[in-house]
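What follows is one structure encoded as structure tokens, with my remarks underneath.
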Amino acid sequence: MPRMKGSALIADYLIQEKVPYVFGICGHGNVGMLDALYERRDQIRLISPRHEQCAGHMADAYFRVKHKPVATLTSTGPGSANMVMSLATALSDSSAFLAITSNVPTSQHNRGPFQELYKHNQADLAQVLRPVVKRAFQPSRVDMLPLALRQAMDTMVTGRPGPVNLDIPYNVYQEEDEVEIPPSSHVHLTHRPGASREDLKATLMLLADARRPVVFIGHGATLSEAGAEITALADLLGIPVITSPNGMGCIPGSHPLALGFIGRNGSYPANEAGRRSDLVLTLGTRFDDRSASSWQPGYSWNFPTTRLIHVDIDPQELGRNYAPDLGVIADIKVFTQQLLQELEAHPDISAKRFAPWREQVRGWQQEWERFVQPHFEDHTSPLRPEFVVGTLQKMLPHDVILSLDSGVHHNWFMQFWRANRPQSMLNSWGYSSMGFGVCGVLGAQLAAPDRACVAVVGDGGFTMAPYVLCTAVELDLPVVWIVWNNFAWGAIRDIQYGMFDGREIGTAFYKGHSGERYNPDFAAWARACGADGVTVKRPQDLAAAVQQALKNRRPCLIDVHVDAEIRPPATGTWQLPPIPFKEPVYGKPWRA
């Protein structure tokens with residue numbers, strides 16, 4: 001076997017696995033790895049954003065768009081500690097990347113050298129990251145690397161994907177041993193468990209008994225790339241489809257059976273169909289509090305009165321929040337293919353059977369349209385939120401990749417945006433991390449260089465990570481940031497108004513004690529970095545600004561001043577215990 005440095009082995013393995021990028025920040029602890037990447041710079045590219053958290057969000061978004069993992073590289077101490085946020089975000093949303101962190105040399109373990117965590121165990125960073133990764137590996141010798149690398153790659157992408165940490169003492173980068181590059185063996189999107197015959201038979205029986213079924217899809221459907229099969233199932237049976245944010249686009253948002261998101265800020269038809277259904281076929285989602293109206297019966301769902309078929313590749317998610325009548329451990333694409341095949345022999349379970357239910361759902365869709373549609377044409381200054389969402393829906397291309405940050409703007413997009421393709425609406429849903437949308441759009445653009453990639457982010461969230469402009473200019477990435485500028489931490493301000501009688505503190509942005517709302521000139525900030533920058537305060541200017549930004553194919557920031565006093569119409573509910581939950585603004589709870 002050849003003698004190889006640890007860094008060379010890692011770099012060559014990444015190249016073998018067709019990893020095109022390493023997103024990383026330099027440090028004294030990883031210079032040996034940087035040197036190996038320098039020698040292979042024609043085969044694998046190091047991209048260095050201005051913050052480690054951003055590197056993680058970029059890698060996360062890259063996987064969500066392409067379903068192929070990349071790696072990150074950080075140094076000892078603070079650099080790797082900055083990865084906690086992006087790793088937690090990826091783990092919460094079942095997204096995968098290989099986080100290579102660096103640690104102090106093994107000869108100095110437990111001596112308290114520069115940047116060692118040693119209070120409870122030597123070189124203890126892996127224990128810091130353990131709760132936010134699918135698995136942590138800490139090889140301490142070069143000859144341990146081949147197994148660790150193969151196991152890390154396999155763990156990351158098989159079953160339910162998730163980020164994996166490979167923590168390397170920095171002497172291991174430079175030391176040599178007789179080692180070989182481990183063979184490729186990961187089976188992402190090839191190892192697909194299916195349902196048993198008994199489970200399929202039970203599914204058919206429950207469908208045969210139903211009169212008001214719905215399908216509820218989540219990120220598991222997106223990860224298994226089951227959009228075509230789910231759409232075919234909806235068409236075959238004429239069953240409405242409700243989506244979680246990370247399931248959006250699996251069935252086109254323009255499809256007549258697509259009801260959109262459910263929960264407090266979901267659509268009225270989705271909540272009405274969910275709470276009045278008699279059977280829910282759930283494909284790859286877990287009924288978190290925001291998509292289940294904090295589990296209050298009759299607001300979004302009506303379990304256990306409603307029957308539940310829960311299908312997920314991760315057995316830990318079956319029955320997490322609602323006990324299923326039937327729990328199925330299976331890949332969503334395979335299960336849906338199996339179900340479609342079984343339905344061919346059961347013509348009695350057909351769209352005709354559910355026609356009265358479909359007509360009822362169509363009535364709710366029409367009612368909701370009549371209620372919300374007039375506001376999409378309101379020309380006000382500052383701009384009305386519905387107008388912003390509607391204009392972007394018209395102006396952005398059909399295959400746009402939308403990268404959304406956490407904030408009140410996200411509530412509006414959950415309620416009204418229609419995603420037309422899978423893997424094209426990126427959300428930090430489980431962990432709701434500010435910075436994901438701001439940074440992730442860079443990774444999305446690298447994953448899909450020929451598509452428009454647009455981030456819609458809050459003014460607060462963008463201010464947390466404005467350095468993204470530098471990276472976009474350095475790499476000449478034509479990403480567009482649309483800053484939803486309402487001069488506040490708007491989502492939390494809305495909670496103060498809704499649950500604390502408007503006692504606003506710490507959520508609005510003021511200049512001194514003057515009471516004057518304040519934000520930096522975001523457009524000037526962008527121009528100072530070398531990007532394009534435009535400020536939009538009038539509704540008639542928004543469409544042209546978006547059109548020009550897309551045409552220019554340059555990094556661009558559009559600062560849009562949005563009315564902070566208009567709030568999404570709640571059609572479900574959400575609770576922050578022990579504060580009592582609020583009743584819907586539109587629609588009423590229903591109990592069988």
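Footprinting exposure proxy ranking of E342, E178, E504, fewest other C-beta atoms within 10 angstrom first, gives E178, E504, E342.
Counted by Cβ distance under 13 Å from A544, the other residues give a net charge of +2, where Lys and Arg count +1 and Asp and Glu count -1. Tell me the net charge near S381. Cut-off is 11 Å between Cβ atoms, S381 excluded, with +1 for each Lys or Arg and -1 for each Asp or Glu. Combined, the nearby Lys, Arg, Asp and Glu give 0. The share of C-alpha pairs in region 3-178 whose separation exceeds 27 Å stands at 15 percent. Per-residue ellipticity at 222 nm computed for the chain from its helices equals -10500 deg cm²/dmol, with DSSP H segments shorter than 4 residues left out and the rest contributing -39,500 (n - 2.57). Length available on full extension from D399 to D235: 0.36 nm per residue minus the Cα-Cα distance, which gives 56.8 nm.
Seen from V334, the other residues with C-beta closer than 13 Å to its C-beta sum to a net charge of -4, counting Lys and Arg as +1 and Asp and Glu as -1.
Of interest is the spacing of the C-alpha centroids, which for region 259-291 and region 14-45 amounts to 44 Å.
Checking Cβ-Cβ separations below 4.7 Å across the chain identifies C26, C250, C453, C470, C529, C556 as cysteines lacking any candidate disulfide partner. If you model region 460-588 as an ellipsoid using its alpha carbon gyration tensor, with each semi-axis the square root of five times an eigenvalue, the axes come out at 33, 18, 14 Å, biggest first.
Straight-line cross-link partners of K18 among the aspartates and glutamates, defined as a Cα under 16 Å from its Cα and at least 8 positions apart when in the same chain: D42, D154. Taking other C-beta atoms within 10 angstrom as a stand-in for reagent exposure, R517, R290 fall in the order R517, R290, fewest first. Under the convention that each Lys and Arg Cβ holds +1 and each Asp and Glu Cβ holds -1, the size of the dipole of region 3-178 around its Cα centre is about 500 debye.
Annotation for A543 and I579: the two label points, set 7 Å from Cα along the Cα-Cβ direction, are 3.9 nm apart. Sorted on the mean count of surrounding Cβ atoms within 10 Å across their residues, most packed first, peptides 540-553, 89-102, 51-64 read 51-64, 89-102, 540-553.
Pairs from the list K537/K582; K201/K333; K5/K68 with a Cα-Cα gap above 28 Å: K537/K582. With r as the distance between the Cβ atoms of D143 and Q360 and R0 = 60 Å, compute the FRET efficiency 1/(1 + (r/R0)^6) and round to 0.05. After rounding, the FRET efficiency stands at 0.35. Listed by Cβ neighbour count within 10 Å, with the fewest neighbours leading, F303, F335, F436 appear as F303, F335, F436. For the chain, find the longest principal axis of its Cα atoms and tell me its angle to the long axis of helix 332-343, 0 to 90°, nearest 10. Tilt relative to the chain: about 40 degrees. Of the beta bridges in the chain, as assigned by DSSP with both residues counted there, near 10 percent are antiparallel. For region 76-103, no residue has its backbone nitrogen under 15 Å from a point 7 Å from the Cα of Q127, taken along Cα to Cβ.
The calculated Kirkwood hydrodynamic radius for region 197-368 is 15.5 Å, given to one decimal from all distinct C-alpha pairs. In degrees between 0 and 90, to the nearest 10, how far off the longest principal axis of the chain does helix 6-16 point, with axes built from Cα atoms? It works out to around 40 degrees. Expressed to the nearest 5 percent, the antiparallel share of DSSP beta bridges inside region 469-592 is 20 percent. For the chain, the fraction of C-alpha pairs farther apart than 40 angstrom is 29 percent. Modelling each spin label as a point 7 Å along the Cα-to-Cβ direction, I'd like the E180/R192 distance in nm, to one decimal. The answer from the label model is 3.2 nm. A Förster distance of 56 Å, applied to the separation of the beta-carbon atoms of T305 and K119, puts the FRET efficiency at 0.60.
With R₀ fixed at 30 Å, the C-beta to C-beta distance from A228 to Q373 puts the FRET efficiency at about 0.50. Stretched out straight at 0.36 nm per residue, the stretch from V473 to D314 would grow longer than its current Cα-Cα span by 53.2 nm. What is the helix-to-structure angle for 436-447, meaning the angle in degrees between its Cα long axis and the longest Cα principal axis of the chain, kept from 0 to 90 and rounded to the nearest 10? Computed tilt is about 70 degrees.
Since every read-out is calculated from the coordinates, none of them should be taken as a lab result. None of the values given here were measured: they were computed from a predicted structure. Quick reminder, even Gly has a Cβ in these numbers, built from the backbone with ideal geometry, and neighbours come from all protein chains shown.
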